[in-house]
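Peer 1: What follows is a single structure, and I will ask about it in a moment.
Every number in this text was worked out from the coordinates using simple rules, so none of it is lab data. The structure presented is a predicted model; accordingly, all values stated were derived computationally and were not measured. Glycine gets a Cβ as well: all are built from the backbone with ideal geometry, and neighbour counts include every protein chain shown.
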Amino acid sequence: MASLIALAVFYLAAVFADFLSPYPYDNEERSHPNAPPTPLRFRRADGSARFLPFVYRTSYTFDENRGRVYVEDRSAEYPIRFFIPGEEHRILGLIPTRIHFFGVDAPARIYLLGADYLGRDRFSRILYGSRISLSIGLVGVSVSFVIGMLVGGIAGYFGGAVDNALMRVVEMVMLIPRFYLLLALRAALPEDISSVRMYFYIVFILSFLGWAGTARVVRGMVLSLREQDYVIAARALGRGHLWVIVRHILPNTLSYAIVSVTLAVPSGILGESALSLLGLGIQEPYASWGNMLAKAMNVAEIQFNPEVLWPGAFIFAVVMCFQFLGDGLRDAFDPMMEASGVKS
Amino acid sequence: MSSEQATAEKTVEAQQDGIRPLLAVRDLRTHFFTERGVARAVDGVSFEVFPGETLGVVGESGCGKSVTALSILRLVTPPGRITGGTITLDGQELTALLESEMRRVRGRKAAMIFQEPQSSLNPVFSIGFQITEAIRLHQKVTRTEAEELAIEMLGRVAIPDPAKRIGEYPHQLSGGMKQRAMIAMALSCRPSLLIADEPTTALDVTIQAQILNLLQELREQLGMSVMLITHNLGIVAQIARRVMVMYAGKVVETASTESVFHKPLHPYTVGLFRSLPKLGRKSQKLAPIPGEVPNPLDAPPGCRFQPRCGLCVERCRAEEPKLRILGEGHSVACHVAQSDGAHFA
């Protein structure tokens, strides 16, 4: 239940990313490369307290090892202001506005999770990136689920030669290790394409990966469901095969399907992240959790800017949430649990 | 087809005062092609159902009653297949129809209800939804009209407060109510033939009587014919006008209910009655039929009942008996049977 709420928060944040983030995903500030998180101050220089936090303007110098050191300019305070005008954007893609949920007045900048090598706010980019990373898993898995349910339903319902043929195809797809299949499919697609098209290609790739497992399990369930009298009753009333499969048998597999979708979404998210991490997915300047994490492939980078790992933390949190949600749903749907009176 | 059988059919038809049968099944063969061999579940079955009558089909489990019923609607699934014979419903030859044409027959001309009401309704939809779906499949009506028709049907099958029940799911209804809903669904498109495959077996006795009465009433109201499949001779006595007794994929005896009960002629039918408890025959042991139903993969030569029959003669082992007319509308597939029942003496 907590994971459901957490996921709702994640997805709402993704929807309202442009409103919640202080800066657009491609807003560069070359004077602040790799800036650490801006310290939030509650105590003024003279020692008096402020209720709302404020920040100081920062700039960098180099230390004796030619490493960048950011220092605060304590002469002026920049309080964090809510509903502050900034870059223009459209809430839900409809309402044009300049208002952002929070921010600080220029020339100070606020980096809650630090800045990347171009001085872009990591927090803003994570929010924008969540749009891609969270939706791609969901869309990809839904597509693969529709395919999986249909193929499994048809195989299980008709049985015999149809079943045999479809299941051999399924096994062939399952035979190939997922990650290599992911790479092979990506390699089969053109290299220089816009990020929007890339998005749909990734959806296609992910759905191609996921349907086989679903099809196999659904087939098993349908094999037993088709023996139910209501299947032959629907036929006796004059329904066609496809209608019986889609309207009468598959709805009975839904409780399994919902759990399975929930448990499959993380693999979609991870698949996209993996592609983007390797530079094969969403390209800069667009943000996705995977391509942001790509910077963390360098050990030295992690050593000097541990903040590059933040997108990883978000991936971790979301994947865990989906796992817990799926587990919870499975317990809730489990008829054995219900029968014995155990309620989760 | 033998000449004897042909005469039998003619005679039966003549006795119906020239009324054409609603359903005429001729020499139906439905075989199951399994890995261990061919199971002749239905092997040369012929019968007819006349308009407005109830035909009782009686037999042990596995004698081919249900497969016959499914064959009429062409719903036999692989490895089963109709390998021969004709099925004529209302002048239309069903075995020659395309699957798409067959779909228009199912539900509209012939509908079917099943043994287990709990599994013949889809658990994830409300009964109203399922009945409206059936109505809208065959009739061009709007959703609201279909809903009204569904409520009317539920009222006809004596479900109290149908307008409220329509939104309920199968698990909220009792077994009897479910069977009523199932009947409402099957009859929603006013079929002329209703095939009821053991409709009361899963219900308790008082509900059984209610459902049977309901079927009788609806048959009269809607002027349809009912083919009632059962292994319960009591049910047959209660509502069927004619009875067909099946054994191991064959029809062994067909007659009016009265003559079957008063003067059964086939040794198997007699055996069925002897194995029933009877009022006024206290402390008499029931006489089960010796032996067991033959394996459909390996039917005995000659008459299929011959290994269990007390009256078996040499001819029974060599030659398969055909249906012979031995009385008014009474035909029997037995070499030794005589019309006066003298062979049992």
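Peer 1: Normalised by the residues of segment A:127-340, what does the relative contact order come to in percent, with Cα pairs under 8 Å and at least six apart? Could you put the intermediate results ahead of the total?
Peer 2: On the way: 255 pairs, mean separation 59.9, N = 214.
So the answer I get is 28 percent.
Peer 1: Counting partner chain Cβ atoms within 10 Å of every residue's Cβ in B:107-120, what's the average?
Peer 2: Partner-chain Cβ atoms within 10 Å, mean over residues of B:107-120: 4.
Peer 1: Also, I was wondering about something else. Kindly express, to the nearest 10 degrees and within the range 0 to 90, the angle between helix B:205-222's C-alpha long axis and the longest C-alpha principal axis of chain B.
Peer 2: 80 degrees
Peer 1: Give me the angle, in degrees from 0 to 90, between the Cα long axis of helix A:310-333 and the longest principal axis of the Cα atoms of chain A, rounded to the nearest 10.
Peer 2: 30 degrees
Peer 1: Mind checking the mean number of beta-carbon atoms from other chains within 10 Å of the Cβ atoms in B:190-198?
Peer 2: Details: counts 0, 3, 0, 0, 0, 1, 0, 3, 0.
So the per-residue partner count for this stretch is 1.
Peer 1: Moving on to the next point. Using unit Cβ charges (K, R positive; D, E negative) and no other charged atoms, how large, in debye to the nearest 20, is the dipole of chain B about its Cα centre?
Peer 2: On the way: 39 positive and 36 negative charges, 71 e Å.
The calculated dipole for chain B is roughly 340 debye.
Peer 1: Among A:M221, A:Y111, B:S259, whose Cα sits farthest toward the positive end of the charge dipole of the protein assembly as shown (+1 at Cβ of Lys/Arg, -1 at Cβ of Asp/Glu, about the Cα centre)?
Peer 2: Result: B:S259.
Peer 1: Of B:T30, A:T61, how do they rank once you tally other Cβ atoms within 10 Å and put the fewest first?
Peer 2: By the 10 Å Cβ count, ascending: A:T61, B:T30.
Peer 1: So how far apart, in nm, are the two label points at A:M1 and B:L297 if each is 7 Å from Cα heading toward Cβ?
Peer 2: 5.5 nm
Peer 1: I would also like to ask the following. If you restrict to DSSP beta bridges whose two residues both lie in segment B:10-153, what percentage is antiparallel, to the nearest 5? Provide the component values of the computation, followed by the final result.
Peer 2: Numbers: 20 of 21 bridges.
Of the beta bridges lying entirely in segment B:10-153, close to 95 percent run antiparallel.
Peer 1: OK, next. Could you tell me which of A:S31, B:T142, B:S275 has its Cα farthest along the dipole of the protein assembly as shown towards the positive end, charges placed at Cβ (Lys, Arg +1; Asp, Glu -1), taken about the Cα centre?
Peer 2: The residue sitting farthest along the positive end of the dipole is B:S275.
Peer 1: Checking the cross-link filter: which aspartates and glutamates have an alpha carbon closer than 14 Å to that of A:K295, excluding same-chain neighbours under 8 positions apart?
Peer 2: Partners within reach: A:D116, A:E284, A:E307.
Peer 1: Something else now. State the extension gain, in nm to one decimal, for the chain segment bounded by B:R36 and B:Q216, taking 0.36 nm per residue of separation less the distance between their alpha-carbons. Let's see the in-between values first.
Peer 2: On the way: separation 180, 0.36 × 180 = 64.80 nm, distance 4.24 nm.
Taking B:R36 through B:Q216 to full extension adds about 60.6 nm, to one decimal.
Peer 1: Projected onto the charge dipole of segment B:242-345 (+1 at Lys/Arg Cβ, -1 at Asp/Glu Cβ, origin at the Cα centre), which of B:P301, B:L323, B:G341 gives the Cα projection farthest towards the positive end?
Peer 2: The listed residue farthest towards the positive side: B:G341.
Peer 1: Related question: Based on the mean of other Cβ atoms within 10 Å per residue, sort peptides B:54-60, B:267-273 so the most packed one is first. Before the final figure, lay out each step's value.
Peer 2: Values: B:54-60: 24.3, B:267-273: 21.4.
Descending mean neighbour count gives B:54-60, B:267-273.
Peer 1: A further question follows. How would you rank B:43-49, A:159-165, highest first, on the average number of other Cβ atoms within 10 Å across their residues?
Peer 2: Details: B:43-49: 22.6, A:159-165: 12.7.
Per-residue Cβ counts within 10 Å, averaged per peptide and sorted highest first, yield B:43-49, A:159-165.
Peer 1: Can you tell me how segment B:80-146 classifies by the Cα gyration tensor, rounded, prolate or oblate, using a/c under 1.5 as the rounded cut?
Peer 2: Cα axes put segment B:80-146 in the oblate bin.
Peer 1: Taking every pair of alpha-carbon atoms in segment A:26-172, give the share separated by more than 28 Å as a whole percent. The partial results should precede the final answer.
Peer 2: Working: 5029 of 10731 pairs.
That tail contains 47 percent of the Cα-Cα pairs.
Peer 1: Given the -39500 (n - 2.57) contribution per DSSP H run of 4+ residues, what per-residue ellipticity at 222 nm results for chain B, rounded to the nearest 500 deg cm²/dmol?
Peer 2: Working: 13 runs with 119 residues, N = 345.
Per the formula, -10000 deg cm²/dmol.
Peer 1: Taking a 27 Å limit on the Cα-Cα distance, which of the listed pairs B:K65/B:K164; B:K109/B:K164; B:K178/B:K250; B:K109/B:K178 fall beyond it?
Peer 2: Working: B:K65/B:K164 37 Å; B:K109/B:K164 29 Å; B:K178/B:K250 32 Å; B:K109/B:K178 22 Å.
Cα-Cα > 27 Å for B:K65/B:K164; B:K109/B:K164; B:K178/B:K250; rest within.
Peer 1: Size of the dipole of segment A:127-340 about the Cα centre, Lys and Arg at +1 and Asp and Glu at -1 on the beta carbon, nothing else charged, in debye to 20? Walk me through the numbers before you get to the answer.
Peer 2: Values: 13 positive and 14 negative charges, 119 e Å.
Roughly 580 debye for segment A:127-340.
Peer 1: In degrees between 0 and 90, to the nearest 10, how far off the longest principal axis of chain B does helix B:127-138 point, with axes built from Cα atoms?
Peer 2: The two axes meet at around 80 degrees.
Peer 1: Over chain B, what relative contact order in percent results from Cα pairs under 8 Å that are six or more residues apart?
Peer 2: Details: 636 pairs, mean separation 69.5, N = 345.
Relative contact order, chain B: 20 percent.
Peer 1: Determine, for each peptide in B:303-316, B:249-262, B:140-153, the mean count of other beta carbons within 10 angstrom over its residues, then list the peptides with the highest first.
Peer 2: Working: B:303-316: 18.3, B:249-262: 21.7, B:140-153: 16.1.
Peptide ranking by packing, descending: B:249-262, B:303-316, B:140-153.
Peer 1: So if I place +1 on the C-beta of Lys and Arg and -1 on the C-beta of Asp and Glu, and nothing else carries charge, what would the dipole magnitude of segment A:38-110 be about its Cα centre? I want it in debye, nearest 20.
Peer 2: Magnitude of the dipole: close to 160 debye.
Peer 1: Could you work out the relative contact order of segment A:38-110, using alpha carbon pairs under 8 angstrom and six or more residues apart, expressed as a whole percent?
Peer 2: Working: 118 pairs, mean separation 18.5, N = 73.
Contact order relative to length: 25 percent.
Peer 1: Averaged over B:121-127, how many beta carbons belonging to a partner chain fall within 10 Å of each residue's beta carbon? Kindly include the intermediate steps, with their values, before the conclusion.
Peer 2: Numbers: counts 4, 12, 4, 9, 5, 0, 0.
Whole-number average of other-chain Cβ neighbours for B:121-127 is 5.
Peer 1: Rounded to the nearest 5, what % of the DSSP beta bridges within the protein assembly as shown are antiparallel ones? Mind dumping the intermediate values first?
Peer 2: Numbers: 49 of 68 bridges.
Antiparallel bridges make up about 70 percent of those DSSP assigns within the protein assembly as shown.
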